[in-house]
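Scroll down for the structure; my scribbles are underneath it.
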Amino acid sequence: MDSHHDSNLSNSSQVGQPFTRLEDRRHLAGQGGFVADLRLPGIRDVAFLRSSMAHARLGPIAVPADAPAGAVWTAEAFHGLVKPIRAVLDRPAYRPSDQPVMAEGTVRHVGEIVAAVLADNRALAEDLAERLEPAYDPLPAITDPEQALLPESAPLHPGWADNVYMTMGRTTGDFDAMVARADVHVTRHLRMERVAAMPLETRGCVARFDRGSGVLTLWIATQRPHLIRTMLAEQLTGIEERDIRVIAPDVGGGFGGKSNLYPEEILLAAMAMRLPHPVRWIEDRWEHMVSASHSRQHVQTITAHATKEGELLAVDVRFLVDGGAYAMRTSTPAVEANMASSVLPGPYKFQAYRFEATTVATNKTPVGPFRGVGRPAAVFAMERIMEETAAAIGMDPVEFRLRNMIQPEEHPFTTISGLVYDSGDYPSLLTKAAQSIRAPGKGDAPANIAIGIGFGCYTEQTAHGAQEWHRRGSPFVYGFEAARVRIDPSGGVLVSTGIQSHGQGLETSLAQIAGDVLGVSYDRVRVVHGDTELCPYGMGTVASRSLVMAGGAVEGACQRLAAKIRRIAAHNLDCAADDVLLAGGEAQGPGGSIPLDAVARIAYLELQKLPLDVEPALDILYCYRPPVETGAYSSGVHAAKVAVDLDSGHVKILDFVVAEDCGRVINPLIVDGQIAGGVAQGIGQALLEEFQYDDQGQPTKVTLADYLVPGAPELVNVRIIHQETLSPFTVHGAKGLGEGGAIGPPAAVANAVSDALRQFGVDVRRVPIRPEDLWEALRP
Amino acid sequence: MKFPAFDYARPAGLDAALDLLAGEAAVLSGGQSLSPMMGFRVARPEKLVDISRLSALRGAALEPDGTLVIGAAVTHAMIEDGALPGPLGGFLARVAGGIAYRAIRNRGTIGGSLCQADPAADWPCVMSLLDAVLVLRRAGGERQVPVRAFLLGHLMTAIEPGELLTVIRIPPQPGARFGMAKSTRKLGEFAEGIAAACLTPGAARVTLGALEVPPATLAVDPALVTGPQPARLTSSPLYAAVDAALKAADATDPAGYRHHLAVLTGCRALIEAAQP
Ligand SMILES: Cc1cc2nc3c(=O)[nH]c(=O)nc-3n(C[C@H](O)[C@H](O)[C@H](O)COP(=O)(O)OP(=O)(O)OC[C@H]3O[C@@H](n4cnc5c(N)ncnc54)[C@H](O)[C@@H]3O)c2cc1C
């Protein structure tokens, strides 16, 4: 990874420095602690029997006569103990579906839980689980979103008239007039296939109920412990939220896939409450492939209407998303299509916009959020049509884009879909990316290789506040983040926060922010997260929000604590609080200084030196709620250079440039890492990853030998160009950037391949791009 | 998934292993194919006889007539690192280095790969090209089977219960030059197209794997291989010749991509063999 970065911050500031991550010390030494590492006395393992059928009536489950008593738990065992999961969206067009915590009467996708088996270890639990015999009476399976819309496809959910979770549409601007004015009308039918986040660590949950205190503790590989706790309290009977503790220990990647409330977590909790010992379930990769949330799977039709001079006048788009069998909490499957339709305009302005966004139920694994949510698909649609429209009017695709981009001085800019962009300079990002990727020129490839260059431009809505969540109809209106900052009597700084860090390096970034305010080195700051008992309430790490929101909270808490430290120091240095500077681990006054540990000692253990009007202790809780709640918009341009082997149809990425703008960069190393990781996932989606099902609804890719994720040889050294357009709406001017890396690659790679093959009249209509499809299209 | 329960034995010598195999037992070599299948509970051996540390199966030697003898439990990594003596050592090291990932090569063995008989695997293809002979032993007996009679189809071989593949014998290949080509979407994955080629004065042959049937060895006019090639292989006379030969072998859907990849990798392997 090369990174070019100009920082305008002073050297004394820790914000902006490329510090290596504090958390890497434990991870590189193999000393991290994940759910599966937990050792609890008496723990027993759970294996789930999962449906082998995509759609069937479920009859009685025959249990072998020699099964130990209490080993097999079917749906009846949970009657009265758990409630079905209902993900709601406060929008009239949305139709909720109940997701059973354990199937009863009907199974609706391969992988749905049919029974739980408890044994001394996982292997024994599996031995018994495979001997259970559920009676299945097969029903026709819906395996494709277009099939779901056919009148002959019977509704999958009771009380539904069809298979639509949600459909909505809107026309903004004088659509017909713009279409009439346009010289060219370019349409593409596109598909983005079904993928999943595929973190290295699968899901997992350990549950222990302490009879003495009545406290239920769950260790879950999750991105948002507090929210899971709130939801568990709603799902379980006989326990209050107060008595539930959720701990997310080290989590080996989430990418949205670990942000849902899962049936397994509820079942483990309910079982633990009835058992005298802790229970554990560690997901294996097959289970992960069939029961952790999937994502994307769009069928799209998009038309651009433009003048021959290159003015984009109107866009018309239809998104159809295969949402799978159930609506997961909290995002619901509608999150994909709804998000795609609202972010489609990206960095462009045009006069009229018409969209339709439809999400349907099928007999497949439920769809949930995955890094990018809706944006990779929207950007794929929009950027493919920008590319094809430029070609149709014979204009350079970069020039065509530049001609239609929002200009920096137009911010804050309200898009035609109603989003409010805070700041950004999209034309300069595109210009930089284009210069960089085009530098060596196309050129002298062997004749069986076609080389192409393609772009994917996007804006990335991040760190949205309450107003935006409310607009979307979210039942939880997320809009704040809290930080508790303590300095102990020895001067050590402890920050606890409601977000959760599972690879984002937040233990380091937040320490840099705290260190700057408190005048201590970041490695004196310990950041605690992922424990509902130790940390203040927070929404967790989703939606590219943690640095902006938790960063704002940590900054605010530290500022308040710093003010208190100054007052204590001023009292003892005989100067004014305003004259005290916190730096180098001391409180420095005009005539002398006091080390921070001495100030802390005064606050706790030498109260004789503490002014009477200052409250003892150094311990502050602060909640940050952004003043403007429409979000901070990062932006980026991804540029790919590819080689297509015309004989085999194989695509190789030769070069990949990311020009990106996430406002203030807190830690460039971490930012670059987030981008490179996201790009890897995006390239996977562009070239390799997809789930497939046969017409019975059987998934045909259920191992990592079939579902291909890119490895180092399939990737390239991502070249990153940073641009810092500060957000006027956030504390540090920072914008979220966790998802951006994954947003651009499908569009950029598809456009590059289309550029390479334009001479043969071939363009990409589907990602992942399959060699056999290109070969078929290129056949003489 | 976890393995179902099984018994495990690691005999100290070859005879002990053969005795154990005479009962109901399965061979465990590198475990790189068997253990995933046990994890999915597709393979359910009741007893495993681990041969991976039998020193009698872990060596390689060149016989006076030039025959290369390789022990069945020699790992891909050993071959990659130069364990094979003689003129074939370099080519086979390259083949080994292209199998899977190093972690798998550290354990996976040449004998295990041949007994697994995955049509897309490297050793079945290369050993077919080289006319290797496999030595199969059982308690009190031994037979030698040419690899082309050994490989019967997808995951099917001529091995019988109680038999152990002990040694692979590769006849000398005087004056031969070799080429290898694979087509994968992701490095280290099983190939979608795989071919190994051999060029000797006056003859060219190529073995195509990743078919529904055992690797197919086709003879090709060497003049087509050594001459200059057009930029697009698909329009070359060589492509047409391999295509026709594979169609005649009736091993693929001739209109399909897999057929094309087999022909394409075949051409590429042949051209590589012809490189100076
Ligand atoms: C991710 C992955 C990628 C891979 N990619 C490739 C690839 O690109 N190319 C490739 O060629 N291979 C590939 N492989 C397979 C790998 O090379 C295995 O090592 C090989 O197929 C089996 O060898 P093994 O020693 O592990 O055999 P095992 O798994 O131990 O055994 C395989 C089978 O052969 C039997 N067996 C083993 N040895 C003997 C013997 N001496 N006599 C009788 N029976 C025996 C066993 O009983 C079993 O049925 C890959 C494997 C994985 C997991």
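Details
- Linear extension gain, A:Asp396 paired with A:Gln559, 0.36 nm per residue minus alpha-carbon span: 53.6 nm
- Global geometry of region A:72-214, whether rounded, prolate or oblate, following the gyration tensor of its Cα atoms and the 1.5 cut on a/c: prolate
- Heavy-atom SASA rank of A:Arg191, A:Arg779, A:Arg329 (probe 1.4 Å, accessible area, largest first): A:Arg779, A:Arg191, A:Arg329
- Sites B:Glu46 and A:His189 - FRET efficiency at Förster radius 45 Å, r taken between beta-carbons, to 0.05: 0.25
- Residues in region A:115-146 occluded by at least 40 Å² - accessible area, probe radius 1.4 Å, against chain by itself: A:Glu126, A:Glu130
- Charge tally around A:Ser635: other residues with Cβ under 10 Å, Lys/Arg +1 each, Asp/Glu -1 each, net -3.
- Area accessible to solvent at A:Ser423, 1.4 Å probe radius, in Å²: 10 Å²
- Two-site FRET efficiency, A:Asp523 against A:Asp773, from Cβ-Cβ distance with R₀ of 51 Å, rounded to 0.05: 0.50
- Computed with a 1.4 Å probe over protein heavy atoms only, the accessible surface of chain B comes to 42 Å² per residue.
- Global geometry of region A:445-493, whether rounded, prolate or oblate, following the gyration tensor of its Cα atoms and the 1.5 cut on a/c: oblate
- When the helices of the protein assembly as shown are scored as -39500 (n - 2.57) per DSSP H run of n ≥ 4 and the total is divided over every residue, the value at 222 nm lands at -8000 deg cm²/dmol.
- Occluded residues from region B:16-43, i.e. those whose accessible area drops by 10 Å² or more once the chain is not alone (1.4 Å probe): B:Phe40, B:Arg41
- All lysines inside 20 Å of A:Lys308 as judged from Cα atoms, apart from same-chain residues fewer than 8 positions distant: A:Lys349
- Proximal lysines to B:Lys47, defined as alpha-carbon separation beneath 25 angstrom and excluding residues fewer than eight positions away on the same chain: B:Lys2
- Interface residues, region A:442-467 - accessible area loss of 10 Å² or more versus chain alone, probe 1.4 Å: A:Ala447, A:Asn448
- Annotation: lysines with alpha-carbon distance below 16 angstrom to B:Lys182 (same-chain offsets under eight excluded): A:Lys652.
- Rounded, prolate or oblate (a/c below 1.5 giving rounded, otherwise prolate when a/b exceeds b/c) for the protein assembly as shown by Cα gyration tensor: prolate
- For chain B, leaving out every one of the GluC sites (Glu not before Pro) that falls in a DSSP loop and has at most 14 other Cβ atoms within 10 Å, the longest unbroken run is B:47-211.
- Chain A, relative contact order [Cα under 8 Å, separation at least 6], %: 16 percent
- Taken per residue, the accessible surface of region A:480-624 reaches 36 Å², heavy atoms only and a 1.4 Å probe.
- Residue mean of other protein chain beta carbons inside 10 Å, A:643-652: 4
- The GluC sites (Glu not before Pro) of region A:296-396 that meet both conditions, a loop assignment by DSSP and at most 15 other Cβ atoms within 10 Å of the site Cβ, are A:Glu309.
- Protein accessible surface hidden between A and B, which excludes ligands and nucleic acids, total in Å², probe 1.4 Å: 2300 Å²
- Note on chain B: with neighbouring protein chains present and a 1.4 Å probe, carbon and sulfur make up 56 percent of its accessible heavy-atom surface.
- Cross-link pairs beyond the 19 Å C-alpha cut-off, checked among A:Lys364/A:Lys701; A:Lys564/A:Lys735; A:Lys564/A:Lys609; A:Lys258/A:Lys735; A:Lys258/B:Lys186: A:Lys564/A:Lys735; A:Lys258/A:Lys735; A:Lys258/B:Lys186
- Solvent-accessible area assigned to carbon and sulfur over region A:85-125 amounts to 49 percent, based on a 1.4 Å probe.
- Computed label-point distance, nm, for sites A:Glu130 and B:Asp221 using a 7 Å Cα→Cβ extension: 5.5 nm
- A simple count of charges around A:Ala272, restricted to other residues whose Cβ falls under 15 Å of its Cβ and scoring Lys, Arg +1 and Asp, Glu -1, yields +2.
- When A:Arg86, A:Arg245, B:Arg105 are compared by accessible area at a 1.4 angstrom probe, the order from most to least is A:Arg86, A:Arg245, B:Arg105.
- The residues packed around A:Ile113, meaning those with a beta-carbon under 12 Å from its beta-carbon, carry a net charge of -4 if Lys and Arg are +1 and Asp and Glu are -1.
The values are calculated or read from the model by the stated rules, or taken from the named source; none is laboratory data. Nothing here was measured: the structure is a model prediction, and the numbers come from that model. We place every Cβ from the backbone using ideal geometry, glycine too, and count neighbours over all the protein chains shown. When the accessible area is computed, the model is the full protein with side chains, heavy atoms only, and any ligands, DNA or RNA have been set aside. Shrake-Rupley method; radii C 1.70, N 1.55, O 1.52, S 1.80 Å.
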